[in-house]
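The values are calculated or read from the model by the stated rules, or taken from the named source; none is laboratory data. The structure displayed is predicted, hence computed values, not measured ones. All Cβ positions, glycine included, derive from the backbone under ideal geometry; neighbour counts span all protein chains shown.
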């Protein structure tokens with residue numbers, strides 16, 4: 001099973017990105033694709049364009065609380081389980097099922113790490129009763145403790161829009177991700193070097209700050225399926241969004 005998670009930057013609606021994105025997706029071979037920031041997409045448009053790209057089954061979460069919609073497209077039927085947008089979720093969480101796997105796509109708060117702690121706790125509480133395969137994926141806007149060797153406090157402080165974005169009590173706050181990992185979710189993209197998902201070439205920064213904010217996490221039930229994940233960084237996607245997509249592969253997903 002091949003899975004893609006992609007933050008599209010305001011819906012990928014600019015003329016120089018929309019058609020190139022659809023052209024790129026149409027030649028990919030994924031079973032399930034999760035999206036963040038489907039801004040201004042309608043259900044009709046999402047269904048039409050994903051169908052044209054080879055993903056005839058779709059589910060779009062058009063939140064009232066946020067314009068940053070969440071969506072899932074798949075080659076196999078999707079069962080909608082739940083849509084959550086009440087506090088503490090900042091950009092909501094979409095829960096669907098494809099085959100026997102629960103997919104939770106979310107987009108955590110970009111501004112305050114302590115708010116992401118609350119969101120992480122809500123995710124953990126939500127999945128705690130599950131006795132079946134679970135994948136949690138999306139733009140988490142948070143740093144992983146597995147990457148702490150690559151981040152420097154001074155550089156982060158120099159770039160913060162707000163000190164509270166990634167800093168708590170004078171230190172980098174890894175707690176949101178720690179909450180998820182301590183609950184039994186597994187970060188399957190733990191590399192020897194930082195597999196950054198930002199920035200892309202869209203940023204045009206002369207002094208880029210590389211960070212990994214996009215994740216695919218699996219629970220214990222999927223570890224025996226040898227899951228792997230990696231961020232896709234190539235010329236085709238370098239200017240489609242401010243995030244690079246992340247892909248995951250699982251063995252023998254039907255059993």
**Request:** Among what's in region 85-96 and is without any contact (Cβ under 8 Å) to a residue 40 or more places away in the chain and either outside any strand (DSSP E or B) or farther than 13 Å from residue 34 by Cβ (or both), pick the residue that is nearest to the chain's Cα centre (by Cα).
**Result:** 92
**Fill in**
Filtering region 1-10 down to residues that are surrounded by fewer than 20 Cβ atoms within 10 Å (Cβ to Cβ) and touching a helix residue (DSSP H, G or I) at 6+ places or on another chain (Cβ under 9 Å) yields 9
**Asked** Pairs, please: C-beta under 9 Å, at least 6 apart or cross-chain, first residue surrounded by fewer than 14 Cβ atoms within 10 Å (Cβ to Cβ) and in region 47-60, second outside any helix (DSSP H, G or I) and at pLDDT 95 or above?
**Response** 51/57; 51/58; 51/73
**Prompt:** Mind checking which residues of region 126-155 are without any contact (Cβ under 8 Å) to a residue 24 or more places away in the chain and in a helix (DSSP H, G or I)?
**Reply:** 149, 153, 154
**Request:** Filter region 239-255 for residues that are surrounded by 13 or more Cβ atoms within 10 Å (Cβ to Cβ) and either modelled with pLDDT under 95 or in contact with a helix residue (DSSP H, G or I) (Cβ under 8 Å, 6 or more places away or on another chain) (or both) and give the result.
**Result:** 239, 240, 241, 242, 250, 253
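Go through region 156-174 and give me each residue that's in contact with a strand residue (DSSP E or B) (Cβ under 7 Å, 6 or more places away or on another chain), more than 17 Å from residue 197 (Cα to Cα) and touching a residue at least 40 places away in the same chain (Cβ under 8 Å).
Residue satisfying the conditions is 173 alone.
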**Message:** Of the conditions (1) part of a loop (DSSP other than H, G, I, E, B); (2) surrounded by 13 or more Cβ atoms within 10 Å (Cβ to Cβ), residue 16 satisfies every one except a single condition; which number is it?
**Reply:** (2)
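Answer with yes or no whether residue 114 is touching a strand residue (DSSP E or B) at 6+ places or on another chain (Cβ under 7 Å), outside any loop (DSSP other than H, G, I, E, B) and buried (at least 17 other Cβ atoms within 10 Å of the Cβ).
Values: touching a strand residue (DSSP E or B) at 6+ places or on another chain (Cβ under 7 Å): yes; outside any loop (DSSP other than H, G, I, E, B): yes; buried (at least 17 other Cβ atoms within 10 Å of the Cβ): no.
The answer is no for residue 114.
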**Request:** Please indicate, with yes or no, whether at least one residue in region 193-216 is within 19 Å of residue 112 (Cβ to Cβ), out of contact with any strand residue (DSSP E or B) (no Cβ under 6 Å at 6 or more places or on another chain) and loosely packed, with under 15 Cβ neighbours inside 10 Å.
**Result:** no
**Request:** Kindly establish whether residue 4 is modelled with pLDDT of 95 or more and farther than 21 Å from residue 95 by Cα.
**Result:** no
